[in-house]
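Novice: Starting off with a structure, shown below.
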Amino acid sequence: MKSTSITREQLEQQLADMRNSLQALEKCREALEQRKGEYQKLLETAPDAMVFVNRQGTIVLVNVQLEKMFGYDAGELLGRDLGCLIPERFRDKHRKLLARYFEQPGSRPMGLIYEIYGLRRDGTDFPADISLSCLKMDEETVAVAAVRDITDRKQVEEKLEHNYHIQRVTSSVLKIALEPLPLDEQFDRILDLTLTIPHLSLQSKGGICLVEEGTGDLVMKAIRGFGPGERPPCLRIAQGQCLCGKAVATGKVIFSNCLEEGHDIEPLPFPHGHYCVPILSGERTLGLINVFVKEGHKRKESEEEFLVAIANTLAGIIERHRANEEKAMLQEQLMQMEKMVALGRLTANVAHEIRNPLTAVGGFARRLQKNVHLGSRGEEYVAIIVAEVARLEKILNNVLIISNGAELARKRENIHVLLDEVLRLYEFLCRERSIMVTRTYELTEPAILIDREHVREAVMNVVANAIDSMARGGRLRVATSEETVAGKPYADIAIQDSGAGIPEEQLQMIFEPFFTTKGSQKRAGLGLVLAKKVVEEHGGFIRVKSRVGEGTTLNLLFPVG
């Protein structure tokens, strides 16, 4: 075997070359470390959070900003799958997008089509804005993502959008408030607009209620979002009951973010929350807006202020509507008074012309009645004359009372005794017509201050009308109860029949003089007018409810005290 020898000089040269090579390599290493340090400093001072990901979705490099943004310690993310920074609901979609990116890498923004969210270590997520680019690291292409937390920007954008919708709806509501529409139609249109507000529209369910006079109950007047198979909520609620009733009782907005919270009655079978906003006019509560929101919804000051503004607008609409109703009622009363004045003038003239001849005719007829032969034709004629004169005298007396009024001699009288007395007068007639009479007396203090004769006459006229409406039999119910109207106590005398009822178009006319629904029957059409006059002279009022085919109820309300 041939041996290779090397001289000392050659060996020394090789060692010198190796030292030079090592020195050059060390300089390269130092340069590399310097460049890496400079790059790391550049990466750490970048304003955005940066993450470097390889084709497999593994994190190969991050900067401090990203670790702070996502809540991780230094070095904790290296080597982990990128999915740990993405909410679970987006992970599958993100893997597909990442694979598609590596097929055609380049610089581009993300989030133009899809909303992007990041997942912090504590499990909370946040909206993010991401810009992508790519670079070569150790002969491997990696994706570089610059991440920004845009929570503040999103909140500003949402607030601007929310304020826009609120201004839009508020302007439309004010326009509706000025339109001459029926109250229910205004409620429907305002409720529709209210439920177009973002977040409030997530359930798209709500209602507007009014406080019923007398009972104080909340009664639903407009409702939205419930289909034919769904049970509408809170159609009638007592004050103080459930969330709606408590809001009305306290006059304050009540919010709940879940259906288990604060419900006294059976809750609806779907997850939801509530804004219960009372409709206030000064110290009075007129009604309520009830808006359903998504379960877990957070109470927002802007939403509450918007709903309160809607409630204030509704309060103005309700007050204006009631003022118009009161104006129409006053105009009707004025017309009625003008008729009464005209009737009074006519009566004053007619009374002088009729009373004296009528008295003479009645007097002579009664004399003849005493002297006429029994069973003769003359006796029959005289009896007819006497009866008709008596009827005319009663009509004339009623007309004088209606037109001129009468002085009331008030004493405390037991109204139950008076009602029994009137019913006894018609007992035979009711039996003859197969009319069943029932009494329901619930007044705890039946002794009220009235003019007995005038009230007796008024009740007799109402009972007679009720009996006349049941020619083929039926039920006559007379009841008493206590009722509070506008804070004042009243004794309520209800006279209810099961007769033919009064058509709606005639209900406004039944208290007009000489109006009658009895056709050819011998009625002057003054009975209800007289009853109304008597009740009003006592400081009370009359209510009437009637439905064709079901009967009529008249309530005579006399003040108590």
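Readers should treat all values here as calculations from the given coordinates under stated rules, not as data from a laboratory. Just so you know, these numbers come straight off a predicted model, no measurement behind them. Heads up, the Cβs are rebuilt from the backbone with ideal geometry, glycines too, and the neighbour counts pull from every protein chain shown.
Novice: Enumerate lysine pairs in region 159-313 that are 8 or more residues apart or on different chains, then count those whose Cα atoms are under 15 Å apart.
Specialist: The number of close lysine pairs in region 159-313 is 4.
Novice: Just rank I493, I254, fewest to most, by other beta-carbon atoms within 10 angstrom.
Specialist: Taking fewest neighbouring Cβ atoms as first place, the list is I254, I493.
Novice: Determine, for M137, M50, the number of other Cβ atoms within 10 Å of each Cβ, and report the residues in order from fewest to most.
Specialist: By the 10 Å Cβ count, ascending, the order reads M137, M50.
Novice: Something else about it: Calculate the dipole size of region 48-149 relative to its Cα centre from +1 charges on Lys and Arg beta carbons and -1 charges on Asp and Glu beta carbons; express the result in debye to the nearest 20.
Specialist: Magnitude of the dipole: close to 320 debye.
Novice: Right, another one. In nm, to one decimal, how far is the modelled label at E185 from the one at F364, with both set 7 Å along Cα→Cβ?
Specialist: About 6.4 nm separates the two model spin labels.
Novice: What is the gain in length, in nm to one decimal, between L425 and T444 on full extension, counting 0.36 nm per residue of separation less the C-alpha to C-alpha distance?
Specialist: 4.3 nm
Novice: Using 1/(1 + (r/R0)^6) with R0 = 45 angstrom and r between the beta carbons of A16 and Q104, what's the FRET efficiency to the nearest 0.05?
Specialist: Given R0 = 45 Å and the Cβ-Cβ separation, E is 0.30.
Novice: While we're here: Just how far, in whole angstrom, is region 426-491 from region 291-330 if you go by their alpha carbon centroids?
Specialist: 41
Novice: Next up: Starting from the amide H of S281, placed 1.01 Å from N in the peptide plane, find each other amide H under 5 Å away whose residue is 5 or more places distant or on another chain.
Specialist: Close amide H contacts, sequence-distant or interchain: L286.
Novice: Suppose R0 equals 35 Å. What FRET efficiency, 1/(1 + (r/R0)^6) with r the Cβ-Cβ distance, do T124 and F226 give to the nearest 0.05?
Specialist: After rounding to 0.05, the efficiency reads 0.50.
Novice: Also: So for the pair F541, L408, with labels modelled 7 Å out along Cα→Cβ, what separation do we get in nm?
Specialist: With each label placed 7 Å out from Cα toward Cβ, I get 1.6 nm.
Novice: With only Lys, Arg, Asp and Glu charged, each at its Cβ (+1 for the first two, -1 for the last two), find how big the charge dipole of region 407-559 is about the Cα centre; round to the nearest 20 debye.
Specialist: Rounded to the nearest 20 debye, it is 380 debye.
Novice: Please find the FRET efficiency linking I384 to N312, where r is the Cβ-Cβ separation and R0 is fixed at 56 Å, and quote it to the nearest 0.05.
Specialist: The formula returns an efficiency of 0.20 here.
Novice: Next question, about the same structure. Cut-off is 10 Å between beta-carbons; in what order do K252, K221 appear when sorted fewest neighbours first?
Specialist: K252, K221
Novice: What is the spin-label model distance, in nm, from R472 to L97 if the labels are put 7 Å beyond Cα along the C-beta direction?
Specialist: Computed distance between label sites R472 and L97 equals 7.7 nm.
Novice: Find which of L191, V219, G287 sits farthest along the positive direction of the dipole of region 159-313, computed with +1 on the beta-carbon of Lys and Arg, -1 on that of Asp and Glu, about the Cα centre.
Specialist: The one lying farthest along the dipole's positive direction is L191.
Novice: Dipole of region 407-559 (Lys/Arg Cβ +1, Asp/Glu Cβ -1, origin at the Cα centre): which of Y490, M436, I502 lies farthest to the positive side?
Specialist: Farthest along the dipole direction, towards plus: M436.
Novice: May I pose another question? Residues with beta-carbon under 9 Å from that of Y117, excluding Y117: net charge, scoring Lys, Arg +1 and Asp, Glu -1?
Specialist: -1
Novice: With a sphere of radius 13 Å drawn around the Cβ of V417, what net charge do the other residues whose Cβ falls strictly inside it have (Lys, Arg +1; Asp, Glu -1)?
Specialist: +3
Novice: Which of the peptides 122-128, 311-317 is most tightly packed, and how do the rest follow, going by the mean number of other Cβ atoms within 10 Å of each residue?
Specialist: Highest-to-lowest ranking by the protection proxy: 311-317, 122-128.
Novice: Would you tally the net charge around A99, using a Cβ to Cβ cut-off of less than 12 Å, leaving A99 out, and scoring K and R as +1, D and E as -1?
Specialist: Its environment carries a net charge of +3.
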